[in-house]
Structures are given as structure tokens and as C-alpha cells.
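For reference, the structure is listed below as C-alpha cells.
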Amino acid sequence: MCPTDLCCHGECHCSPSAPRGDRLMLRALGLGAAALAFAGVALPVLPTTPFVLLSAWAFARSSPRLEAWLRNHPRLGPPLRAWEKRRAIPPGAKAVAAVSLPVSGLLVHASGAGLPATVAAGLVLVCVGGWILTRPS
């Protein structure tokens, strides 16, 4: 029997069914995403939560031990649990997004991208920002 508190979204992945090569790739993806999440803790322009979610997804399919480590981690576990319980994004992450998304749009424009690329990037950034800001905190 699989302890549900170790599994992603209540799905049991304690016996990963993916082939060994796939599990190794998923584990590497999870470790890379966790490393970026740790960097996001220290760097205000790098988001933490999306990398934690990616890491949890990969670990749930490749390593129950690493998934449990991530869920119980004192810094990375709380945003993961908040997202899974309430689909919540921390207020600090929302504030960073509210500042960095418009700055990203200005950087696209300043880089000399043509009008179609600038408009397309702007639309994507507005949609992403709207989605982020409408999530619970």
C-alpha cells in the first residue's frame, strides 16, 4: 500500500511504471528543476514555484524518495503544498511576476524585435500575468 502523503495529487506513484531510462531522465529533470527552484529562493527574478511543481511532477513519476524529500523540505515544500491544496501562489511570487512580466515586455521591445514579435510577446505576458494574479494567495 502506498502512503498518499508521499504521492502527487493523491495519485500513487510509489512503484514507478516508466521504463528505467525514462525514470532516469525524469529524475534528472526533477533534480535540475529543484536546483533552479533553490536558485529562485536566492534570486528574486527567478521563480521558485514553477520549478518546484515541475520537480514534484518528475519525482512523482520516477522516485518516491525524492518526491517525499521535496514535499518535506522546509523551504520548497510549503509552496508545493499550497499549490496542491488551493492552487495558491505566494504573494511574494505574485509581486515579482507583477514587476518582472512588464519588464520582460520592455526588454523584448528594446531588443529590436519587430512589431509582430513585440505584440505577440506582450499578449502572452499579459495573459500569464492575469492568470498569476487571479490565483489565490
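The values are calculated or read from the model by the stated rules, or taken from the named source; none is laboratory data. Computed from a prediction, not measured in an experiment: that's the story for all the values here. Cβ placement follows ideal geometry from the backbone for every residue including glycine, while neighbour counts extend to all protein chains displayed. Ligands, DNA and RNA are excluded from the accessible area calculation, which covers all protein heavy atoms including side chains. Shrake-Rupley method; radii C 1.70, N 1.55, O 1.52, S 1.80 Å.
Can you work out which of the residues in the range 48-76 that are assigned to a helix (DSSP H, G or I) and small (Gly, Ala, Ser) is nearest to Val99 (Cα to Cα)?
By that ranking, first place goes to Ser55.
Within the range 91-105, does at least one residue satisfy the condition of being in a loop (DSSP other than H, G, I, E, B) and in contact (Cβ under 8 Å) with a residue 24 or more places away in the chain?
No; the residues of the range 91-105 include none that is in a loop (DSSP other than H, G, I, E, B) and in contact (Cβ under 8 Å) with a residue 24 or more places away in the chain.
Go through the range 100-125 residue by residue and tally those that are closer than 24 Å to Leu43 by Cβ, hydroxyl-bearing (Ser, Thr, Tyr) and modelled with pLDDT of 90 or more.
Summing the residues that are closer than 24 Å to Leu43 by Cβ, hydroxyl-bearing (Ser, Thr, Tyr) and modelled with pLDDT of 90 or more in the range 100-125 gives 1.
Residues in the range 54-71: is at least one more than 30 Å from Gly21 (Cβ to Cβ), open to solvent by 60 Å² or more (accessible area, probe 1.4 Å) and in contact (Cβ under 8 Å) with a residue 12 or more places away in the chain?
Checking the range 54-71: not a single residue is more than 30 Å from Gly21 (Cβ to Cβ), open to solvent by 60 Å² or more (accessible area, probe 1.4 Å) and in contact (Cβ under 8 Å) with a residue 12 or more places away in the chain.
Run Ala88 past the list (1) in contact with a helix residue (DSSP H, G or I) (Cβ under 9 Å, 6 or more places away or on another chain); (2) outside any helix (DSSP H, G or I); (3) open to solvent by 30 Å² or more (accessible area, probe 1.4 Å) and report the number of the one that doesn't hold.
Among (1) in contact with a helix residue (DSSP H, G or I) (Cβ under 9 Å, 6 or more places away or on another chain); (2) outside any helix (DSSP H, G or I); (3) open to solvent by 30 Å² or more (accessible area, probe 1.4 Å), the lone unmet condition for Ala88 is (3).
Might you check whether a residue that is at pLDDT below 90 and not hydrophobic (A, V, I, L, M, F, W, C) occurs anywhere in the range 54-61?
No, the range 54-61 contains no residue that is at pLDDT below 90 and not hydrophobic (A, V, I, L, M, F, W, C).
Being part of a helix (DSSP H, G or I), of a type in the set (A, V, I, L, M) and over 20 Å from Phe51 (Cα atoms) is the filter here, so list the residues in the range 106-125 that pass it.
Leu106, Leu107, Val108, Ala110, Leu115, Ala117, Val119, Ala120, Ala121, Leu123
State the number of residues belonging to the range 76-99 that are modelled with pLDDT of 85 or more and not charged (D, E, K, R).
12
Give the residue, chosen from Gly122, Gly114, that is touching a residue at least 12 places away in the same chain (Cβ under 8 Å) and over 21 Å from the mean Cα position of the chain (by Cα).
Going through Gly122, Gly114 in turn, the sole match is Gly122.
Take the residues in the range 15-42 that are exposed (fewer than 14 other Cβ atoms within 10 Å of the Cβ) and of a type in the set (D, E, K, R); name whichever of them is modelled with the lowest pLDDT.
Taking the candidates together, the pick is Arg20.
Arg81 versus (1) more than 20 Å from Leu36 (Cβ to Cβ); (2) basic (Lys, Arg); (3) in a helix (DSSP H, G or I): which is the lone unmet condition?
That leaves (1) as the condition not met.
Determine which member of the set Val45, Val128 is assigned to a helix (DSSP H, G or I) and modelled with pLDDT under 95.
Matching residue, one of Val45, Val128: Val128.
Can you pull out the residues in the range 87-111 that are in contact with a Leu (Cβ under 8 Å, 6 or more places away or on another chain) and of a type in the set (S, T, N, Q)?
Within the range 87-111, Ser104 is the sole residue that qualifies.
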